[in-house]
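Structure first, then comments.
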Amino acid sequence: MAPSFDHLRDEDLDDDDFDVDDVDISDLREKYEVSLESGYDTFVVLDGLPSVTEEQKPKLVKFLLKKLNAPSIGKAREDSLVMPMGEDGQSLRFAFIEYSTAAEAAAAVRQLDLTPLDKKHTLRVNKLTDIDRYGREGRIEETYTPPKIEPFQEKEHLRWFMADPTGRGRDQFVMYRGESVGVFWNSEKDTPENIVDRQHWTETFVQWSPLGTYLTSVHAQGVQLWGGASWSRQRRFAHPFVNLVAFSPNEKYMVTWSNRPISIPDEGHPSLSLDDDGKNYIIWDLETSKPLRSFAQLDTPAGVDENGQPKRAKLPWPAFKWSADDKYVARLNPGASISVYELPRMNLMDKTAIKIEGVVDFDWAPATPAREGIKTYEQLLCFWTPEIGSNPAKVGLMSIPSKEVVRTLNLFSVSDAKLHWQSDAAYLCVKVDRHSKSKKSQATTLEIFRVKEKGVPVEVVDTIKDTVINFAWEPKGDRFVVITTTEPVGATAVPPKTSVAFFCPEKAKGNAIGNFKHLRTLDKKNSNAIYWSPKGRFVVVATVANTQSSDLDFYDLDFEGEKPESDKDLTANLQLMNTADHYGVTDIEWDPSGRFVATWASVWKHAMENGYHLYDFKGEQLREEAIEKFKQWQWRPRPATLLTKEEQKTIRRNLREYSRVFDQMDAERINSADVAVVEERRRLLDEWYAWRHQVEEELAEECEIIQRPVDLVAELLKAKTADIGPNAEEQIIEEIMEEVLEETEEIVN
């Protein structure tokens, strides 16, 4: 508290001795004055309270203390809550409370602000130091001044890229090469049409937001989002030395991570506070560009190394995973629990983590599945735990926010498990690596949860004796591809021999989906990666990041040709459409329409023949361009269609009519391209004739000056003809030429 001078008596002060205004008390002020940041940072202001009388006040105080003394916040004494009363005997609708530490006060602000008290009142919680600081800086005036309403200014439409000016429905992509970042329209076989190109647009990498609204650039100072037809800066997030960025599915929130803990300077930070000091993760609200909450990096040991020093577990990314509706974000506490936070308040759901002993991994369903018999569509997350003692390994499906375990599956002899959701959350495949009792051999089983069916039945697909190195569901479909190998998994100079297996359901009556069956296995391959078209049906199976092999195989699972007799009862007709080779390929990505595939060799992984190839869905190469220091290619995502399912079905039924329109546009474009070539050649020829005419004129002027004929050769011929004379006899000159037609050599004994 500030020093009190009440003990001084009036008679001790003599006005004749000194003038009060002349007293220098700077030394006392420096010694006793307490800064707000260190003296009042434990005080919190509560606003938005209902107005109560003196008799009702104790009841309201008791109600508030239940919220203020939550275990995740801290403990505040009852006598530390001060609620001022007005002259009319009613409370002034705000109160003060003191916590033991500044950290508890910060936790109260973070967790309790915007908490609804009842239908009419919402609690607002702020630090006393913040209110006082804003007042001292002149942000709060003593007299009310009506705000000045700025005239409306129309902003750029952030989804402008959906309207291709050519009407051909082209997609955009971004290329990062050298120090330049450019955005282009895809022009198929023609040179891409450049939209914008900027030097030093980013310092590390670029990234599209999930719906394609923003282009993200990453800098030492933080992250910037760009958009609109003018590519102006839309948002800015100050996170020093940021390394990674991840968005929520609907672009409402974003998490940034830096391997360097945040250090707040003495002069403060434009967005962060002292509560964020030492943290590595920040979760942001994209609409307001405000930080919602920060987190420190978990220090999870992973055994010891050969020197007996503790090893750290590999950093999982994304460390925070979002539910499909952006209402929840969750974080794994390895081996102990899953912390689920409610957005946008970022408070821990039910004020406690979901304890799951031994939990290794979890994942949210990528969509809200319409489960049979369930009217309230909650979000689903799946998790798995290893074998602990005599307890088996377990895979569970949990409904959020009710925390109801919808389905569990016990597993035995488990070495590892991987969780793979289908894009519509209709299926969950758990790839389970099992070991024998002697632990000398391994096999893999695929446990498929049929999420939309009643009771969530689990189907076990045939045991695969080889090691599964890759698995991928068909987007918006029910087929999948598996890559297996009999050789050790890991980085090798020679790519391991692999097999590619295709699976699909059997035909069933009505709309039911039959059991999953093996369709085909292709042996003696080097493939290690699977890339499905975002629309399903087509898939590229490739060998990436290997200098010894770079195969690209394009498959169609709904081939319209004759179907083998063995596949009559299956829902697929497999056909290899084309094969290609891109030496040194490191990355592959389909465009959002499923019509084109881009492959590129990034300088981030090797410095040999960097550049990109562009293919259509059939595997026909459209373009190839070698670019020095080529780093990155990313197709711009599209938001979900606004058409209803019925409208989409109508378009599919009338697809031939729409195709005629686009075929005509393509023909006109080709014809216009031919006309353009002819006009360009004609222009070049005219330029050459004009140049020749100009040179002839200049030559004539020079010859006139030096008095020489313009065409010297013609003059010489004319003179020679004159010497011969018109009456000269013609002379016939014969030339005899010998030519050997054939030559043979015969040896006579």
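The values are calculated or read from the model by the stated rules, or taken from the named source; none is laboratory data. What you are looking at is a predicted structure, and each value in this text was computed from that prediction instead of being measured. Quick reminder, even Gly has a Cβ in these numbers, built from the backbone with ideal geometry, and neighbours come from all protein chains shown.
Report, by residue number, each residue of region 331-371 that is among the hydroxyl-bearing types (Ser, Thr, Tyr) and part of a strand (DSSP E or B). Step through it out loud before you land on a result.
Filtering region 331-371 for residues among the hydroxyl-bearing types (Ser, Thr, Tyr) gives 337, 339, 341, 352, 368.
Hits for region 331-371 are Ser337, Ser339, Tyr341.
Any idea how many residues of region 122-147 are among the polar types (S, T, N, Q), outside the structural domain of Val45 (by TED's automatic domain parsing) and either at pLDDT 85 or above or assigned to a strand (DSSP E or B) (or both)?
From region 122-147, those among the polar types (S, T, N, Q) are 122, 126, 129, 143, 145; that's our starting set.
Keeping just the survivors that are outside the structural domain of Val45 (by TED's automatic domain parsing) gives 143, 145.
Now narrow it down to the ones that are either at pLDDT 85 or above or assigned to a strand (DSSP E or B) (or both): none.
Of the residues in that region, 0 qualify.
Which strands (runs of 3 or more DSSP E) sit wholly inside region 249-323 and have at least 1 residues that are in the same structural domain as Val109 (by TED's automatic domain parsing), small (Gly, Ala, Ser) and modelled with pLDDT under 85?
Strands (runs of 3 or more DSSP E) meeting the threshold: none at all.
Check Arg682, Arg638 and return the single one that is part of a helix (DSSP H, G or I) and either surrounded by 11 or more Cβ atoms within 10 Å (Cβ to Cβ) or not aliphatic (A, V, I, L, M) (or both).
Numbers: Arg638 fails: part of a helix (DSSP H, G or I).
None of the other options fit; the residue is Arg682.
Within region 610-635, how many residues are farther than 27 Å from Thr202 by Cβ, assigned to a loop (DSSP other than H, G, I, E, B) and not charged (D, E, K, R)?
So the count comes out to 2.
So that you can scan it fast, the table gives a plain yes or no per residue for (1) closer than 14 Å to Ala572 by Cα; (2) touching a Phe, Trp or Tyr at 6+ places or on another chain (Cβ under 7 Å); (3) assigned to a loop (DSSP other than H, G, I, E, B):
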position: Pro505; (1), (2), (3): yes, yes, no
position: Gly510; (1), (2), (3): no, no, yes
position: Ile513; (1), (2), (3): yes, no, yes
position: Asp523; (1), (2), (3): no, no, no
position: Ser527; (1), (2), (3): no, no, yes
position: Ile530; (1), (2), (3): no, no, no
position: Gly536; (1), (2), (3): yes, no, yes
position: Val539; (1), (2), (3): yes, yes, no
position: Val544; (1), (2), (3): no, no, yes
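Looking only at region 221-230, filter to residues that are within 19 Å of the chain's Cα centre (by Cα) and either part of a loop (DSSP other than H, G, I, E, B) or in the same structural domain as Ala626 (by TED's automatic domain parsing) (or both); which one of those is nearest to Ile264 (Cα to Cα)? If you could, list the steps in order and put the result at the bottom.
Quick first cut of region 221-230, residues within 19 Å of the chain's Cα centre (by Cα) only: 222-228.
Now drop any that are not either part of a loop (DSSP other than H, G, I, E, B) or in the same structural domain as Ala626 (by TED's automatic domain parsing) (or both), which leaves 222, 228.
Details: Gly222: 14, Gly228: 33 Å.
Across region 221-230, the extreme among qualifying residues is Gly222.
Here is a check on your reading of the model: is Val245 in contact (Cβ under 8 Å) with a residue 40 or more places away in the chain, assigned to a strand (DSSP E or B), under 14 Å from the mean Cα position of the chain (by Cα) and closer than 19 Å to Thr288 by Cα? Please lay out each step first, then the result.
Details: in contact (Cβ under 8 Å) with a residue 40 or more places away in the chain: no; assigned to a strand (DSSP E or B): yes; under 14 Å from the mean Cα position of the chain (by Cα): yes; closer than 19 Å to Thr288 by Cα: yes.
Judged against the criteria, Val245 is not a match.
Considering only residues that are in contact with a strand residue (DSSP E or B) (Cβ under 7 Å, 6 or more places away or on another chain) and modelled with pLDDT of 85 or more, look in region 360-377 and name the one that is farthest from Ile338 (Cα to Cα). Outline the logic, then answer.
Filtering region 360-377 for residues in contact with a strand residue (DSSP E or B) (Cβ under 7 Å, 6 or more places away or on another chain) gives 360-366, 368-369.
Next, only the ones that are modelled with pLDDT of 85 or more stay: 360-366, 368.
Working: Val360: 10, Asp361: 9, Phe362: 8, Asp363: 11, Trp364: 12, Ala365: 15, Pro366: 18, Thr368: 20 Å.
The residue in question is Thr368.
Testing Leu348 on (1) touching a helix residue (DSSP H, G or I) at 6+ places or on another chain (Cβ under 7 Å); (2) in contact (Cβ under 8 Å) with a residue 60 or more places away in the chain, one condition comes back false. Which one is that?
(1)
Does Ala542 qualify as being hydrophobic (A, V, I, L, M, F, W, C), under 32 Å from the mean Cα position of the chain (by Cα) and over 21 Å from Lys618 (Cβ atoms)? Before the answer, list the steps.
Details: hydrophobic (A, V, I, L, M, F, W, C): yes; under 32 Å from the mean Cα position of the chain (by Cα): yes; over 21 Å from Lys618 (Cβ atoms): no.
No; evaluated as a whole, the condition is false for this residue.
I'd like to know if region 111-118 contains one or more residues that are over 30 Å from Asp277 (Cα atoms) and within 38 Å of the chain's Cα centre (by Cα).
Yes, some residue in region 111-118 is over 30 Å from Asp277 (Cα atoms) and within 38 Å of the chain's Cα centre (by Cα).
Tell me yes or no: at least one residue of region 376-395 is within 19 Å of Val255 (Cα to Cα), out of contact with any Lys or Arg (no Cβ under 8 Å at 6 or more places or on another chain) and in a loop (DSSP other than H, G, I, E, B). Full working, then the answer.
The first filter runs over region 376-395 and keeps only residues within 19 Å of Val255 (Cα to Cα), leaving none.
No, every residue in region 376-395 fails to be within 19 Å of Val255 (Cα to Cα), out of contact with any Lys or Arg (no Cβ under 8 Å at 6 or more places or on another chain) and in a loop (DSSP other than H, G, I, E, B).
Residues in region 562-571: is at least one farther than 20 Å from Pro534 by Cα and touching a Gly at 6+ places or on another chain (Cβ under 9 Å)? Steps first, answer last, please.
First, pick out the residues of region 562-571 that are farther than 20 Å from Pro534 by Cα: 562-570.
With the extra rule that they be touching a Gly at 6+ places or on another chain (Cβ under 9 Å), the set shrinks to 569-570.
Yes, the conditions are met somewhere in region 562-571.
Is region 400-408 home to any residue that is in contact with a Lys or Arg (Cβ under 7 Å, 6 or more places away or on another chain), modelled with pLDDT of 90 or more and surrounded by fewer than 18 Cβ atoms within 10 Å (Cβ to Cβ)? Reasoning before the result, please.
Step one: filter region 400-408 for residues in contact with a Lys or Arg (Cβ under 7 Å, 6 or more places away or on another chain), giving 408.
Retained after the next criterion (residues that are modelled with pLDDT of 90 or more): 408.
Then keep just the ones that are surrounded by fewer than 18 Cβ atoms within 10 Å (Cβ to Cβ); that gives 408.
Yes, region 400-408 contains at least one residue that is in contact with a Lys or Arg (Cβ under 7 Å, 6 or more places away or on another chain), modelled with pLDDT of 90 or more and surrounded by fewer than 18 Cβ atoms within 10 Å (Cβ to Cβ).
What's the number of the only condition in (1) in contact with a strand residue (DSSP E or B) (Cβ under 6 Å, 6 or more places away or on another chain); (2) closer than 28 Å to Phe449 by Cβ that Met577 fails to meet?
That leaves (2) as the condition not met.
With respect to Gln153, is the statement that it is of a type in the set (S, T, N, Q) and farther than 30 Å from Asp325 by Cβ true? If you could, list the steps in order and put the result at the bottom.
On the way: of a type in the set (S, T, N, Q): yes; farther than 30 Å from Asp325 by Cβ: yes.
The answer is yes for Gln153.
Before we move on, is Asp553 among the acidic types (Asp, Glu), more than 27 Å from the chain's Cα centre (by Cα) and part of a strand (DSSP E or B)? Step through it out loud before you land on a result.
Working: among the acidic types (Asp, Glu): yes; more than 27 Å from the chain's Cα centre (by Cα): no; part of a strand (DSSP E or B): yes.
The answer is no for Asp553.
Of all the residues that make up region 585-609, how many are assigned to a strand (DSSP E or B), buried (at least 19 other Cβ atoms within 10 Å of the Cβ) and either in contact (Cβ under 8 Å) with a residue 40 or more places away in the chain or small (Gly, Ala, Ser) (or both)?
Residues flagged as assigned to a strand (DSSP E or B), buried (at least 19 other Cβ atoms within 10 Å of the Cβ) and either in contact (Cβ under 8 Å) with a residue 40 or more places away in the chain or small (Gly, Ala, Ser) (or both) within region 585-609 amount to 8.
Looking for whichever is under 50 Å from the mean Cα position of the chain (by Cα), at pLDDT below 80 and among the β-branched types (Val, Ile, Thr) here; the options are Val34, Val20, Val45. Which one fits? So that I can check it myself, show each step before the final result.
Values: Val20 fails: under 50 Å from the mean Cα position of the chain (by Cα); Val45 fails: at pLDDT below 80.
Exactly one residue qualifies, and that residue is Val34.
Among the listed residues Val458, Val468, Val540, which satisfies the condition of being under 24 Å from Phe596 (Cα atoms) and of a type in the set (Val, Ile, Thr)?
Val540 is the lone residue from the list that is under 24 Å from Phe596 (Cα atoms) and of a type in the set (Val, Ile, Thr).
Looking at Trp201, is it crowded, with 17+ Cβ neighbours inside 10 Å and either within 24 Å of Tyr615 (Cα to Cα) or in contact with a Lys or Arg (Cβ under 9 Å, 6 or more places away or on another chain) (or both)?
In short, no.
Looking at Leu552, Leu522, Leu574, which is the one that is among the hydrophobic types (A, V, I, L, M, F, W, C), more than 17 Å from Gln422 (Cβ to Cβ) and in contact with a helix residue (DSSP H, G or I) (Cβ under 8 Å, 6 or more places away or on another chain)?
Working: Leu552 fails: in contact with a helix residue (DSSP H, G or I) (Cβ under 8 Å, 6 or more places away or on another chain); Leu522 fails: in contact with a helix residue (DSSP H, G or I) (Cβ under 8 Å, 6 or more places away or on another chain).
Of the residues listed, the single one that is among the hydrophobic types (A, V, I, L, M, F, W, C), more than 17 Å from Gln422 (Cβ to Cβ) and in contact with a helix residue (DSSP H, G or I) (Cβ under 8 Å, 6 or more places away or on another chain) is Leu574.
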